[in-house]
Amino acid sequence: SEWLAGSEDRLIRILLHGLQGPIKVKGTEFIGAMPAVGPGSSFNLSPGKVAAVLAFVRKEWAAIDTPISPAKVTEIQGKEGTRAPWTVAELEKIP
């Protein structure tokens with residue numbers, strides 16, 4: 001989808017903090033919530049595991065073989081800390 005093929009900064013934030021509200025994927029709107037999996041969540045995945053999950057999903061579903069580094073996940077986690085799930089409007093402001 002355009003979300004997987006787009007900004008890795010957005011993808012990292014979605015996985016770390018979750019996503020809430022409507023999102024359009026390939027022209028179809030979905031309304032729901034995706035739980036956070038990063039530190040502070042009930043899943044509490046490490047930066048290395050978050051990077052591995054995103055690399056796998058992007059490779060399998062978007063044919064993108066560029067890895068996401070654990071250091072990039074740690075950087076974004078440091079910028080954002082713990083927070084409520086993201087909305088599409090918030091994510092679209094991130095390059």
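The values are calculated or read from the model by the stated rules, or taken from the named source; none is laboratory data. Fair warning: this is a prediction, and the values are worked out from it, not measured in the lab. Reconstructed Cβ throughout: ideal geometry from the backbone, glycine too, with neighbour counts over all protein chains shown. Heavy atoms of the whole protein, side chains included, go into the accessibility calculation; ligands, DNA and RNA do not. Shrake-Rupley method; radii C 1.70, N 1.55, O 1.52, S 1.80 Å.
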For residue 75, indicate whether it is at pLDDT 95 or above and among the acidic types (Asp, Glu).
-> yes
For the range 7-53, how many residues meet the condition of being assigned to a loop (DSSP other than H, G, I, E, B), within 11 Å of the chain's Cα centre (by Cα) and surrounded by 16 or more Cβ atoms within 10 Å (Cβ to Cβ)?
-> 4
Among 68, 94, 76, the single one that is aliphatic (A, V, I, L, M), within 15 Å of residue 2 (Cβ to Cβ) and either part of a helix (DSSP H, G or I) or open to solvent by less than 60 Å² (accessible area, probe 1.4 Å) (or both) is 94
Which one of the conditions (1) basic (Lys, Arg); (2) surrounded by fewer than 18 Cβ atoms within 10 Å (Cβ to Cβ); (3) in contact (Cβ under 8 Å) with a residue 12 or more places away in the chain does residue 58 fail to meet, given that it meets all the rest?
-> (2)
